[in-house]
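Participant: This is the structure, below, for whatever I ask next.
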Amino acid sequence: MLGNFSYSNPTKLHFGDEAISFLTEELKNFGSKVMLSYGGGSIKQNGIYDDVINALKAAGKTVFEDPGVMSNPTVEKLYEGCKIARENDVDLILAVGGGSTIDYAKGVSVSAWCNDDPWKKYYLEMQDPDNKIIPVGCVLTMVGTGSEMNGGSVITNHKEKLKIGHVFSDNVMPKFAILNPKYTFTVPKYQMVSGIFDIMSHIMEQYFSGEDDNTSDYIAEALMKSLIHSSLIAVLNPEDYEARSNIMWTATWALNTLISKGKSTDWEVHMIGQAIGAYTNATHGMTLSAVSLPYYHHILPYGTAKFKRFAQNVWGVCSDEKTDEQVALEGLDAMENWMKEIGLVLNARDLGVTDDMLDGIADATFILDGGYKVLNREEIIDVIKESFKKN
Ligand code: NZQ
Ligand code: ZN
């Protein structure tokens, strides 16, 4: 394990088909005023809203509703949430939804009592909060981001054509998370597979970095194998509890900082994906699936040993009488077959990316240096153009 690091994760998880029964107890740890943040209304159709309201009532809370958190939450919605939280001096933000709602709740938590412009302070300048932070708890309804157990908060500014994530520290992570796999059964298939690829991408972003023998990589391989296995079951039967529960647990561990330990980590796929998201408002996981294959083919020569290991350990590629490069390429072919089988988007045009956006997307992409190759602007454009050739 390279480097020196500290590890802690303050989020308490309650997992299983009766996990909601822990919500009332958790709520007792906070004051009486709760801001209930949720998305566009799916929780009212599938009954999750009723479960949550019952728990809030049982805990004797005064509830301030904050509906309408959109996918890829915007800076305008962030300001709106800050107003509700501050005017009512809420004691807890309870986010009920997917990554968008939970990310947004974390954004409000640090921004409501911030006297500067939070977009500028937290997302452009990446400053740490130095004002009151409102605690966040969550009930997860859509699996993928890991937001339920991390400090990430991604906000989109359409006017500035920027989508930026700030990874806050322990003090912003959810205090608790309720994870009931059955709550995810009603997620539409497109969103479900998008979330599955988001998980895969989180693991790969951390795995494809470094050359040392590192426990984090072995954990990453196990998580990827479990995810691939369960994803194939879930696409055929979305109500397979075993598969959906495994996917949910994998998502949480894929991005709760555990497997980044001792790693430099890459995250360039996410940077390109977020820039595409800023231009198209496309579904997050699909922006990653559209660029991953061209990106990994592009960087493969700079990290062939790791791509060979990925092929062998994750995809079971046999290496007999093959060059390292052949084995590595077969691994990416196996990944492509899996991506097609579960129905992922491989072509960025299918997300609304047009040729005239390419320069802007390249400019909006942050260039990171933790992976096997530091890309330049032209290479980012090439990666997206390569995706245009996929079908
Ligand atoms: O708005 P509602 O009605 O809730 O509908 C949502 C939304 O349309 C729907 N949905 C959620 N649970 C459902 C359901 N529909 C039926 N039944 C349910 N049980 O699914 C749609 C997508 O939800 P959303 O929260 O937008 O998806 P996701 O969890 O993928 O979150 C995406 C956001 O998270 C950010 C992304 O950039 C994006 O903004 N990310 C956050 C990260 C983090 N915190 O660490 C890391 C990720 O890489 C990612 O960037
Ligand atoms: Zn992601």
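Where a number appears in this text, it was derived from the coordinates with a stated rule and is not lab data. These numbers were taken from a predicted model, which means no experiment stands behind them. Cβ sites come from the backbone with ideal geometry, for glycine too, and all protein chains shown count toward neighbours.
Participant: Amide H of LYS12: which non-local residues (sequence gap of 5 or more, or other chain) have their own amide H closer than 5 Å, using H built in the peptide plane?
Facilitator: Result for LYS12 returns PHE176, ALA177.
Participant: Once you have the Kirkwood Rh of the range 12-183 from its Cα pairs, apply Stokes-Einstein at 10 °C and 1.306 mPa s and quote D in µm²/s.
Facilitator: After rounding, the answer is 101 µm²/s.
Participant: Can you tell which of PRO294, GLY262, PHE22 lies farthest toward the positive end of the dipole of the chain, using +1 and -1 charges on the Cβ of basic and acidic side chains (Lys, Arg; Asp, Glu)?
Facilitator: Result: PHE22.
Participant: Positive end of the charge dipole of the chain (Lys, Arg +1 and Asp, Glu -1 on Cβ, about the Cα centre): tell me which of ILE93, GLY151, TYR104 has its Cα farthest that way.
Facilitator: ILE93
Participant: Right, next: Taking a ≥ b ≥ c as the square roots of the Cα gyration tensor eigenvalues, with a/c under 1.5 meaning rounded and otherwise prolate when a/b beats b/c, else oblate, which class fits the range 285-391?
Facilitator: Here the range 285-391 falls in the oblate category.
Participant: Work out how much length GLU80 to MET126 would gain on full extension: take 0.36 nm times their residue separation and subtract the Cα-Cα distance, in nm to one decimal.
Facilitator: Net length gain for the segment: 14.5 nm.
Participant: Give a residue-ordered list of calculated ³J(HN,Hα) values for the range 30-39 (Karplus: 6.51 cos²θ - 1.76 cosθ + 1.60, θ = phi - 60°; whole Hz; x for Gly, Pro).
Facilitator: 10, x, 7, 9, 10, 8, 9, 9, 8, x
Participant: Between the range 120-147 and the range 341-391, what is the C-alpha centre distance in whole Å?
Facilitator: If we compute the Cα centre of each part, the gap is 27 Å.
Participant: Sort the following peptides by mean Cβ neighbour count (other Cβ atoms within 10 Å, averaged over residues), highest first: 309-318, 370-379.
Facilitator: Packing order, densest peptide first, comes out as 309-318, 370-379.
Participant: Going through the cross-link list LYS161/LYS261; LYS163/LYS306; LYS28/LYS57; LYS44/LYS189; LYS12/LYS182; LYS263/LYS340, which pairs have a Cα-Cα distance over 21 Å in this structure?
Facilitator: LYS161/LYS261; LYS163/LYS306; LYS263/LYS340
Participant: I would also like to ask the following. Against the 2.2 N^0.38 Å scaling, with N counting residues, where does the chain land? I'd like the Cα-based Rg ratio to two decimal places.
Facilitator: 0.96
Participant: Related question: Treat the count of other C-beta atoms within 10 Å as a stand-in for reagent exposure and order MET126, MET70 from fewest to most.
Facilitator: MET126, MET70
Participant: Sticking with this structure for a sec: Using alpha-carbon pairs under 8 Å, 6+ residues apart, how would you state the relative contact order of the chain in percent?
Facilitator: After rounding, I find 16 percent.
Participant: With equal scatterers on the alpha carbons only and no solvent term, can you work out the Debye log10 of I(q)/I(0) for the range 149-229 at 0.17, 0.20, 0.22, 0.26 1/Å?
Facilitator: Those come out to -1.06, -1.27, -1.29, -1.22, one per q.
Participant: State to the nearest 20 debye the size of the charge dipole of the range 102-169 about its Cα centre, where the only charges are +1 on K and R beta carbons and -1 on D and E beta carbons.
Facilitator: That gives the range 102-169 a dipole magnitude of about 180 debye.
Participant: Separate question: Please get the size of the charge dipole for the range 189-387, origin at its Cα centre, with Cβ charges of +1 on Lys and Arg and -1 on Asp and Glu, quoted in debye to the nearest 20.
Facilitator: Result for the range 189-387 is approximately 460 debye, rounded to the nearest 20.
Participant: Within a Cβ distance under 13 Å of ASP51, other residues only, what is the Lys/Arg minus Asp/Glu net charge?
Facilitator: 0
Participant: I've got another one for you. Which of the helices in the chain meet the span-like rule: DSSP H, Cα axial reach of 24 Å or more, Kyte-Doolittle mean at least 0.5?
Facilitator: Qualifying helices, which must be both long enough and hydrophobic enough, are 215-236.
Participant: Further question on the same structure: Nearest-5 percent of antiparallel DSSP beta bridges in the chain?
Facilitator: 20 percent
Participant: Right, here's the next one. Counting each DSSP H run of 4 or more residues in the chain as -39500 (n - 2.57), what helix-only mean residue ellipticity at 222 nm follows after dividing by all residues, to the nearest 500 deg cm²/dmol?
Facilitator: -14500 deg cm²/dmol
Participant: Residues with amide H under 5 Å of PHE64's amide H, sequence separation 5 or more or different chain, H placed in the peptide plane at 1.01 Å from N; which?
Facilitator: Long-range HN contacts for PHE64: VAL34, MET35, LEU36.
Participant: If the only charges are +1 at each Lys and Arg Cβ and -1 at each Asp and Glu Cβ, what is the size of the charge dipole of the chain around the Cα centre, to the nearest 20 debye?
Facilitator: It comes to approximately 860 debye.
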